[in-house]
Each structure stands twice: as C-alpha cells, then as structure tokens.
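Down below is the structure, laid out as structure tokens.
The values are calculated or read from the model by the stated rules, or taken from the named source; none is laboratory data. Everything numeric here is computed off the predicted structure, so don't read it as measured data. Note: ideal-geometry Cβ built from the backbone for every residue, glycine included; neighbour counts use all protein chains shown.
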Amino acid sequence: MNDVIRHAAKETFRTACGKDNGMSLITVKNLAVGYEGQAVEKDISFSVSKGDYLCILGENGSGKTTLMKTLLHLQKPIAGEILLQDGLRSDEIGYLPQQTVIQKDFPASVREIVRSGCLGRAGLHPFYGKEEKALAEQNMERMGIKELARRSYRELSGGQQQRVLLARALCATQKLLVLDEPVTGLDPKATMEMYELIKQLNQEGVAIIMITHDVNVAVQYSSHVLHVGTPSFYGTKESYLSSDLGKLFLLQRSKEMTADAGKGGNHD
C-alpha cells in the first residue's frame with residue numbers, strides 16, 4: 001500500500017472520529033489490542049451511536065475478533081480508552097459470538113437458552129422473574145422462533161440456532177448488539193434471513209457492531225465502516241466506498257470471489 005493511500009485513510013479516520021452528536025453509546029480512543037502486551041492492532045478510534053450499523057472489515061489476522069473481545073471487556077486493552085455513554089452499561093451489550101461445534105450441540109431447550117440472556121438483568125436472584133420471562137417470550141416472538149420454545153437447541157438447523165442466539169442477545173440489550181461473523185456456516189437462504197433480521201433490529205433503533213468478511217454485506221447494510229489493519233479507516237459507508245482503501249479492498253474481494261466460484265464449479 002503506498003504512502004498516498006495510507007495518508008488519505010488516516011485523514012478520513014481522524015475526521016470521522018471527530019463526529020459528536022451527543023448520542024454516542026460507545027467511544028473508542030487510540031485503542032491498542034493484542035495479547036501478553038503485544039499489540040496486533042493499535043491507534044483504533046471510532047464511535048457508535050443509537051441507530052448506527054458499523055461493519056468491521058479487514059484481512060484475516062488483522063485483529064478484528066481481538067478488538068471485539070476487548071470491547072466486550074473479555075480481555076484488557078493494551079492502551080487507549082473505551083467509553084460507555086448515554087447510560088449504556090457493560091452488561092447491556094448483547095453479544096452473538098461465532099458458534100463452536102460444542103455450542104451447536106448444547107443440550108438445552110430453546111426457551112432455556114433465550115432466558116439465559118436475562119442473567120444480567122436478574123442480578124443476584126436465582127430464578128427468572130415475570131419481567132425476564134416475558135422479555136424472553138417477546139424476543140422469541142420477535143425472531144420467529146416461539147413455536148420452537150420447547151425444542152432442544154441441538155435439534156435445530158443452523159439458521160434456527162442463530163435466531164435463538166440472537167433472541168438471547170436481545171434479552172441483554174435494547175441498545176447495542178455486537179455480532180462476530182453471525183452467518184458463518186449458514187446456507188444462502190438462512191444467511192439472507194439473518195441479515196434481514198439484523199437490518200430490522202437496526203431500523204428499530206438497536207445499534208449494531210458486526211464483524212464480517214463479506215465487504216458486499218458491509219456495503220449493503222452498514223451506515224459506517226471500520227477497516228482494521230494498515231492502513232486503517234473509519235467513516236461512513238459512502239466515504240469508505242470513495243476511498244482508495246475501500247476501492248482496493250472491494251476489488252480484491254471481487255477477484256477472490258470470482259476465483260472461488262471458478263474452483264467450485266457447478267453446484268446444481
């Protein structure tokens with residue numbers, strides 16, 4: 001990447017982070033993330049406000065998941081600040097992680113898993129109250145899985161399981177959802193349904209932070225883009241599309257998709 005592209009990306013990054021509409025839920029300033037004191041990414045700055053849809057892009061190994069874990073206080077930052085604002089508490093951030101094989105085979109009912117998202121609200125009480133139970137039912141209805149409430153989670157399809165986990169995340173928040181590659185392993189139909197559900201939640205006012213490897217999804221759904229790596233970028237989707245970095249990344253991904261399609265052949 002040449003110095004002109006690097007300079008332009010940094011200028012856009014600084015300018016976009018200067019927005020101040022008084023409604024930010026989370027603001028990140030000069031953040032460095034990594035392990036054992038070694039930064040995998042640094043100088044990260046961005047903010048997310050109510051109604052924002054932020055997609056995090058970057059090459060594999062660029063630190064996207066490490067950044068997300070740091071935002072969720074699952075690991076400590078090496079440097080910088082993460083400020084929660086507008087009344088947002090750390091236990092009010094809904095999280096949808098990438099699923100593991102063990103998680104997909106979890107032996108619990110759909111209702112039990114969704115209700116577990118209310119644990120932060122229940123506090124020290126050992127049982128769910130009427131409010132928590134009602135919230136779980138509401139979010140199952142919202143995700144179109146209420147008829148599955150008594151079913152075992154491990155008997156469901158991948159798309160149904162992700163709806164369950166999204167309903168669970170919504171029990172923790174009405175403000176901010178953090179999603180790590182939420183469509184991994186889903187078939188095309190389930191993938192589109194999941195993206196449309198997330199879009200609907202965003203339109204209802206829930207702010208979204210989503211890691212995705214699919215730049216086309218970022219272009220279609222996001223309001224803002226954070227591109228981690230060297231160079232870095234943060235700004236509106238429109239600014240990203242007009243930047244040299246955005247154009248180059250789109251071109252690279254387009255070539256990769258064309259190559260993958262050629263290798264895959266006809267899947268009819």
Scope segment 221-243; condition of a type in the set (Phe, Trp, Tyr) and more than 15 Å from the chain's Cα centre (by Cα); matching residues:
PHE233, TYR234, TYR240
Output the number of the condition that GLN138 fails; it satisfies all remaining conditions of (1) surrounded by fewer than 17 Cβ atoms within 10 Å (Cβ to Cβ); (2) part of a strand (DSSP E or B).
(2)
Flag if GLN162 is part of a helix (DSSP H, G or I) and not assigned by TED's automatic domain parsing to the domain that holds GLU112
no
Scope segment 208-239; condition closer than 13 Å to LEU250 by Cα and touching a His at 6+ places or on another chain (Cβ under 7 Å); matching residues:
LYS237
